[in-house]
Amino acid sequence: MDGDKSELWLITGASSGIGAAVVQAARASGARVLALDVDDQAGFALADQTGAVFQHCDVSSQADWQDVATTLAELGSPTHIHLNAGIQIAPPDASLQEYRFDAFDLERYRRMMGVNVDGVVFGLQTLVPLLQPGAAIVVTASLAGITPYSVDPLYAMSKHAVVGLVRSLGSALAKRQIRINAICPGGVDTDIIPQAQRTDDAVFMSPEHVAQEVIHLMGVTETGKSWAKVAESKPVFIIPAPGDKDRG
């Protein structure tokens, strides 16, 4: 791969939505990119289009993460990590009734928690030991990770967990000069949005716009923070955690 070999971006959920937009932006800047996803067809198409390296990775699988570590042994240590993969409790064509807590389905629950929570935990367990000082991590959480989201309470729970992890790891990673932050966007026009929420008055941010905010957060000096993104017309801003002595 050509480009600036001093930068290596690793992006999960990279085949579509925010992840694909970050892949495109990072490649446009000349950085090398390792794109990870379970959607091989879209992932290889994106790699052909951008020059990224695509690898199949189910982020809920520790074995797949070990395969990623093997790949990184050849590519080098990532300088920018975007842990972006995420799903809601039901497929987008399901009725809103299926997103409710009382419509609990164990298989769907395990899969969502595997992607949204295990995917971040396993990713950090695999990648953090490989990082050099100056590396930056951005985790895609959600506005549902800092506010109530009655449409999909279990999705909200998973994103609250991610926010709590990022906030709690900030100080420990800072000792190694590694930054970690969470971006918490509101509605983004991606494939996980329930079709029933796509009403005439619904307004969604574009993945490309949110991707630019992700790139911005890669360069901030703050760490362990949750950054809300509520609309394209408003910049990201920190939602301070209670008890956080460094409130940004």
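The values are calculated or read from the model by the stated rules, or taken from the named source; none is laboratory data. Owing to the predicted nature of the structure, the values given are computational and were not obtained by experimental measurement. Positions of Cβ are generated from backbone atoms using ideal geometry, with glycine treated the same way; all protein chains shown enter the neighbour counts.
Of all residue pairs spaced 6 or more apart or on separate chains, those with beta-carbon atoms under 7 Å, a first member in region 144-165 that is farther than 20 Å from Gln125 by Cβ and a second member that is in a helix (DSSP H, G or I) and hydroxyl-bearing (Ser, Thr, Tyr) are Ala144/Tyr155; Tyr149/Tyr155; Val151/Tyr99; Asp152/Tyr99; Leu154/Tyr109. Of all residues in region 112-150, exactly one satisfies the criterion of being over 20 Å from His82 (Cα atoms) and crowded, with 16+ Cβ neighbours inside 10 Å, namely Tyr149. The C-beta contact set for region 93-109 (first residue under 25 Å from Thr199 (Cα atoms), second residue at pLDDT below 95 and among the small types (Gly, Ala, Ser), distance under 6 angstrom, 6+ apart or interchain) comprises Leu96/Ala196; Glu98/Ala90; Tyr99/Ala90. Scanning region 177-198 for residues being closer than 21 Å to Ala228 by Cβ and not in a loop (DSSP other than H, G, I, E, B) gives a total of 9. For region 174-213, filtering for residues that are without any contact (Cβ under 8 Å) to a residue 60 or more places away in the chain, buried (at least 19 other Cβ atoms within 10 Å of the Cβ) and aliphatic (A, V, I, L, M) leaves 5.
Within region 199-228, being in contact with a Gly (Cβ under 6 Å, 6 or more places away or on another chain) and not in a helix (DSSP H, G or I) holds for Phe204, Glu222, Thr223, Gly224, Lys225.
The sole residue among Gly13, Gly19 that is modelled with pLDDT of 95 or more, surrounded by 15 or more Cβ atoms within 10 Å (Cβ to Cβ) and at negative phi is Gly19. Meeting the requirement of 3 or more residues that are of a type in the set (A, V, I, L, M), touching a residue at least 24 places away in the same chain (Cβ under 8 Å) and more than 18 Å from Asn116 (Cα to Cα), the strands (runs of 3 or more DSSP E) wholly within region 1-85 are 31-37.
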